[in-house]
Every structure is written in structure tokens, then in C-alpha cells.
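One structure is given here, and the rest of the page talks about it.
The values are calculated or read from the model by the stated rules, or taken from the named source; none is laboratory data. Predicted, not measured: the structure shown is a model, and the values here were computed from it. As a convention, Cβ positions derive from the backbone with ideal geometry for all residues, glycine included, and neighbour counts pool all protein chains shown. What goes into the accessible areas is simple: the full protein's heavy atoms, side chains included, and nothing from ligands, DNA or RNA. Shrake-Rupley method; radii C 1.70, N 1.55, O 1.52, S 1.80 Å.
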Amino acid sequence: EWSNNKNKGNDFVAVCYISDYGFCDRLSQALAHGVTKADAQVQLIDLRSSDAQELTALITEAKAVVIPTWPLTCDMDLQESVSTLFAALKPKQFTAIYDSFGGDDEPIDSLANKLRELKQKEAISPLRVKENPNPIIYQQFEEAGTDLGQLINKKKNIASIKSLDSNLDKALGRLSGG
């Protein structure tokens, strides 16, 4: 309930992660940091500890959802969370995916294909991790988060520019009208 109230009326990015799996924690934090650098709201969601109702509400309300690769062999709770996440996605919602680099991940390409089949909008290219994450990889994730934050703020920025334009037109009209 608290997270619902916190995000009411604000566009936000839901960055999902799987605690204690691969490099998911740190990679998701780098993404989230990038999103906030673009003055966008972010909600970090641990797929291991979120209950189905909270997860559904957050995913449904999010402007964009970032999904990690999960272990091919995982416990029932995590499988249920992944299923809940996919069921909660809205048509044409922005999505992004990233490698957790856990060693036993769901292939990122099959995850990308699944999202395409569900007609989700790809917000950014899949973030692939081919080696142990290092400062360069974390920087790439942060930059991708910034791009994502700018993407969800685009409509808000366009609206504020338009309102600025109309106010400017009124002011100029007053000046020229004397």
C-alpha cells in the first residue's frame, strides 16, 4: 500500500532483481542509479521477496519494467514471481532486460523473444554481460538506466515545453499588442 501511494500520479521504472543471484543486486542498483540521474522515479523490486499482489500492482503501474535473467533451475517461489511479473505486464509497456551473470541464467535472447511475442515495447537493447562485471560494465548499466529515465520522462518534457511555448506566445502577444 505504501509503495502504491508513493507512486500515485508519478511515472516510474520498476527495476526487478533477484537477491543473492549472480550480480543481479549490483547491476540492478547501477541501473536504478542511472534512472534517478535522469530525474525519473524508480522502484527496486526483489523477485524473491515480493508477494504476488504487491508485484502485480507495481508492474501494472510502472511506465517501464526492467527484468533480469533468472536461474534455469529455480525454486517454486521464484518461478511464481516470474509468472506473476509476465502476467502483470500491460500491452505495449516499455520493457528492458539484463543478464544477471549467475552462471545458470535463462538465455537473454529467449527472454527478448518472449517479450516480443507479448508485444512489449523494447525500451533499450538487452544488456548483456559476458564477463564478471567490472566498473566499465556497471557504468554501461548506469548509462542505460539514464537513457531509460529520459525515455519515460519524454512525454512530460514535451508537455512542459508546449506549455512554455503557449505561455511565451501569450507574453509576446501582450508585448506586441501594447
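Tabulated results
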quantity: Reach of residue 154 by Cα under 19 Å, taken over aspartates and glutamates that are not fewer than 8 positions away in the same chain; calculated: 11, 39, 61, 122, 142, 143, 165
quantity: Heavy-atom accessible area per residue - region 7-119, 1.4 Å, Å²; calculated: 46 Å²
quantity: Candidates per trypsin sites (Lys or Arg not before Pro) in region 20-127, loop by DSSP, up to 12 other Cβ within 10 Å; calculated: 92, 119
quantity: Note, ³J(HN,Hα) from phi for region 35-41, Karplus 6.51, -1.76, 1.60, rounded to Hz, x at Gly and Pro; calculated: 4, 5, 5, 8, 6, 10, 7
quantity: Projected label distance in nm at residue 139 and residue 92, using a 7 Å step from Cα toward the beta-carbon; calculated: 3.8 nm
quantity: Furthest towards positive pole of dipole, 45, 30, 58, structure part region 8-77, Cβ charges; calculated: 30
quantity: Residue 97 accessible area, 1.4 Å probe, all protein chains in place, Å² to nearest 10; calculated: 10 Å²
quantity: Protein accessible area in region 59-106, 1.4 Å probe - carbon and sulfur %; calculated: 54 percent
quantity: DSSP-assigned coil residues among GluC sites (Glu not before Pro) in region 1-103, each with at most 10 further Cβ atoms within 10 Å; calculated: 1
quantity: Lysine pair count for region 5-126 [Cα-Cα under 21 Å; pairs on different chains or 8 or more apart]; calculated: 19
quantity: Rounded to whole Hz, the Karplus (6.51, -1.76, 1.60) HN-Hα couplings of region 101-106, x for glycine and proline; calculated: 6, x, x, 9, 7, 4
